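Reviewing the structure listed below.
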Amino acid sequence: MDRNSTKSGDRIKQNWESRTNLDTEWLLSIFEGMPIPINVFDLEGNIIAANEALIEFAGVSSFDDLKGFNIFNDPNMSAEMKERLHSGENIRYQSEIDFQLVREFDLYPTERTDIAYVETGMTILESPLTGKKIGYLVQLVDISEQKRLETELKQSQKEFKEISREFERILDTIPGIVFYKDRNGNFIRVNEYLAKAHDMSKDELEGKSTFDLYPESRAEAYLKDDLEVIESGEPKTNVVEPWTTKDETKWINTSKIPLRDDDGKIVGVVGISIDITERKRMEDELKDRERQVRKVLESVPAGIVIVEAKTKRIVEANSKACEITGFDEDELEGALCNRYLCPAEKDECPILDLDQEVDNSERTCLTKDGSRVPILKTVKKITLGKNEYLLESFVDISQQKGIEKALRASEKRYRTLIDVLPAGVAIADSDEKFEMVNQPMSELLGYDSEKLIGRSLLEFVDPAYHSKIFAETKKRENGVDSSYEIQIINVDGEKRDIHLTATPHFNDSGEVAGSIGIFYDITERKESQRELRETAYQLQERIKEMEALYAMADLSNETDIPMSEALQSAAQITKDAFQYPNITCVRVLFEGQEYATSNFEETEWKLEQDIWCEGERIGNLQVYYLESRPASDRGPFLSEEVDLIASIAIQIGEYIELRRTQQRREEQHRELELYASLLRHDLKNDLGAILGNLDILKMILRDADEETRKTISSAEAVCERMNSLLTALSRPAETIETNLYRLIDRIAGQTTEEEPQLTINITADADAEGARIPASRLLPMVFENLFRNSLDFIEEDPVIAVKLSNESGMVEALVSDNGPGVADEVRDSLFERGSSTRGGGMGLYLSKQILEGLDGSIELVDASLHEGATFRVMLPTR
């Protein structure tokens, strides 16, 4: 016992000795009438006295059954307490008394076999005459009920934690946003979905403001919505609004309710947002955590108060009563109990005036600060001397009451949040029977919530999905979450497509007791997806048809392949373009020949189109299906396929017409070549004769005047140019070089061989080095002319640079020299007939004509950009 308890005991003893109206009978009356078990032991530990409460507590019939009991032999008392008692110390402690041990050690013949929890007070008894120790006074306060309340309190706390945990698991299962915000728009709590969307952890996101995450205009809109809910105290549901994360902007459906503290004061908002982006285009977690309720206050011992019945005044109160009420002991003694402890009105005392029994009843107790504390109270009437008293004992249960209130408030908030979710939520046992459903789930099935409890989910599921549910529920036994799709049948018999996300539901022992399911109605989304797939399929078919037409257009440019190969390719292109290419075969009939795909076979499912060329029917295009297919617009074929085969037949006809035209041109070309060959032969003979005559004339007229010699030289030059032209035109077609790089390289080699003092450097980009140009017998004359022009104007160390590049289907050749450049006076007329840097020339004029005949060009590049003269030659690639 502590010093306060010792002081209290001394005061009680002094009071008893000083009150002349109390004698031994009075003391015995108190001893016998006390509702707390009291016994007295001598110094050796042998019991010498016990009150009725102790006899009843010990489970014996009379004090005689206790004789022989020695406290120091009791195994329920620790060695430490025995030592402290031996040493003469007053002690108080809490412990348990195991009556089974009392039986085993045969301490006394008790009928009890249970375990009692007590608060024990042991006081040293001294002789009032000699002051010597004469024994021990032991008081027991049975706190078993308090321990029971503590156990129930812990169980309530555990159940609340389980509710919170289940609530969090439900919110974790929801694929949407959950947040708690204060009045300033700061996030107090968020779920994992929202945190991940902002690439943060929940701890990082909590404490941030909407202004930290979203554009100012959007954040202000969010805050405005929050304040409307806070100020009105009314929920705001189904608000459709944009939601922007760092990666994308989505559309969400948001519902908000006021966030209240335990006193009901609105301190912020709770929001739930479901991603409805998929639903707007064609629709898709809620997670939240509740703060732990405040911890339960530690249990307290029972308060003991003695009240005089006649005056209703308090005569004694122990330290625990003072601790519970907040009053000092001096303040309580002599005070009216209904003004300090009991809230009953005057003359309405439950025991003395209303004749009620108070035995472990829930009551309230007044405290010093005017508040009321809920207590578990027991009151018994006792007689002390000639006076009647009330002996009151009570335990503070305010902690338990507070938790019950918080549990009710939390459960109400939990139910409110679940019911505003835009998805069905249900908890089912291991047999799929509903234990809880929210309002959206009731609406989904078409039944009231109460009528669904106890019914099986399988009653509302299309039987085709029962095996699927059994297989998925099996996963829950192993603690595994899963998501899958089923079909339910509502009260109207309508089938609805459902996306179900399920997670294990655990009982108090941590064992899987069933499932928690989130049910999303995706009927409209599934229908939209089916329509989208059909549209995509039709689009793909149209793309195949376009690709076939493009392939036929490309085939039309392939005029140098055999006709049979082209028609075979046309058959394959047509096959691949049809809706079912694997069972399609095609045949082209032309000039008594057929060109068919490798799987060709005539069947009853046929589509054909005639091929026309130059006004006459020349063939037939046939398409067969090797297997039956559902009837479409025309037999098993689509109307688009009918149009497609008609277009391909037209393209085949145009291709054949092109090839025939090409064939006629080639025949005309051969005739022209034969005629030109004869003409070149005759002209060469005539030119040879003229040149021979000119040589004879120069010998005869060796001493002729200057004018005559110039005339003869001019005639020779004309003959030489004609001879060169005929030589070029005489080159066989198969020897014409179409690689521009190799063509220029050959001409450069010939030129530098004739003119050793000349240097020609050729460079080419990777794409230009292999570029091919149209075949031309005259094209070499262009570069021969450019090289010889440069050589004529450069006096020393002539250098020519040629750079080739390929871009956008044209090959460019820049020909530059280190000469004096082109005079300004001849620039504008440089490519005209008869124009020359020296006057009277035809070279550049002819070069321009040759290049334009090949769809090319030539131009003089601005002299300020390069040293000397630079010409740009452009030729198309093939």
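The values are calculated or read from the model by the stated rules, or taken from the named source; none is laboratory data. As the structure is a prediction and not an experimental result, all values here were calculated from the model. All Cβ positions, glycine included, derive from the backbone under ideal geometry; neighbour counts span all protein chains shown. To get the accessible areas, we keep the full protein, side chains included, count just its heavy atoms, and leave off ligands, DNA and RNA. Shrake-Rupley method; radii C 1.70, N 1.55, O 1.52, S 1.80 Å.
Observations on the structure shown:
- Computed FRET value (nearest 0.05) for ALA471 with ILE115, which takes r as the C-beta separation and R₀ as 41 Å: 0.25
- Carbon + sulfur, % of accessible area of region 422-520 - ligands and nucleic acids excluded, 1.4 Å: 47 percent
- Under the Karplus curve 6.51 cos²θ - 1.76 cosθ + 1.60, θ = phi - 60°, whole-Hz ³J(HN,Hα) for region 650-655, x wherever Gly or Pro sits: 4, 5, 4, x, 5, 5
- Karplus-derived HN-Hα couplings along region 759-770 (A = 6.51, B = -1.76, C = 1.60, θ = phi - 60°), whole Hz, x at Gly and Pro: 10, 10, 10, 10, 10, 8, 5, 4, 6, 7, 5, x
- Estimated inter-spin distance, ALA221 and LEU101, nm [label 7 Å along Cα→Cβ]: 7.2 nm
- Cut-off 18 Å, label 7 Å out along Cα→Cβ of PHE600, residues of region 553-572 by amide N: 562-572
- With every protein chain in place, region 23-150: carbon and sulfur % of accessible area (1.4 Å): 51 percent
- Altogether, the Stokes-Einstein calculation at 4 °C and 1.567 mPa s, with the Kirkwood radius of region 37-108 over Cα pairs as Rh, returns a diffusion coefficient of 101 µm²/s.
- Using Cβ point charges alone (K and R +1, D and E -1), the dipole size of region 39-153 about the Cα centre works out to roughly 420 debye.
- Å² of accessible area per residue within region 23-150, as computed with a 1.4 Å probe and no ligands counted: 50 Å²
- Mean Cβ neighbour count within 10 Å, used as a protection proxy, ranking 645-655, 591-601, 253-263 highest first: 645-655, 253-263, 591-601
- With the convex hull drawn around the C-alpha atoms of region 174-278, the volume per residue stands at 95 Å³.
- With a threshold of 32 Å on the Cα-Cα distance, the over-threshold entries among LYS236/LYS280; LYS196/LYS495; LYS224/LYS495 are LYS196/LYS495; LYS224/LYS495.
- For the pair GLU494 and GLU241, a Förster radius of 41 Å applied to the C-beta separation gives a FRET efficiency near 0.85, rounded to the nearest 0.05.
- Spacing of the modelled spin labels on ARG702 and MET810, each 7 Å from Cα toward Cβ, amounts to 5.7 nm.
- Taken along the Cα-to-beta-carbon direction at a fixed 7 Å, the label points for GLU333 and ASN186 span 5.3 nm.
- Across region 602-618, coupling constants 3J(HN,Hα) worked out from phi with the 6.51/-1.76/1.60 Karplus curve, θ = phi - 60°, read 6, 9, 7, 9, 10, 9, 9, 8, 6, 9, 10, 8, 6, x, 10, 6, 10 Hz, and Gly and Pro carry x.
- Amide H to amide H, with H built 1.01 Å from N, HIS505 comes under 5 Å of ALA513, GLY514, SER515, ILE516, counting only residues 5 or more places away or on other chains.
- Kirkwood estimate for region 733-876, i.e. one over the average of 1/r between Cα atoms, Å: 15.4 Å
- With the charge dipole of region 23-150 set up from +1 on Lys and Arg Cβ and -1 on Asp and Glu Cβ about the Cα centre, the Cα lying farthest toward the positive end among the listed residues ALA79, PHE63, GLY121 is that of ALA79.
- Extension gain, LEU691 to SER483: 0.36 nm times the residue separation minus the Cα-Cα distance gives 64.9 nm.
- Accessible surface for THR383 stands near 70 Å², nearest 10, in the context of the full protein assembly shown (1.4 Å probe).
- Amide hydrogen neighbours beyond the local backbone of VAL811, cut-off 5 Å, H modeled: LEU875, THR877
- Amide H to amide H, with H built 1.01 Å from N, TYR136 comes under 5 Å of PHE41, ASP42, LEU125, counting only residues 5 or more places away or on other chains.
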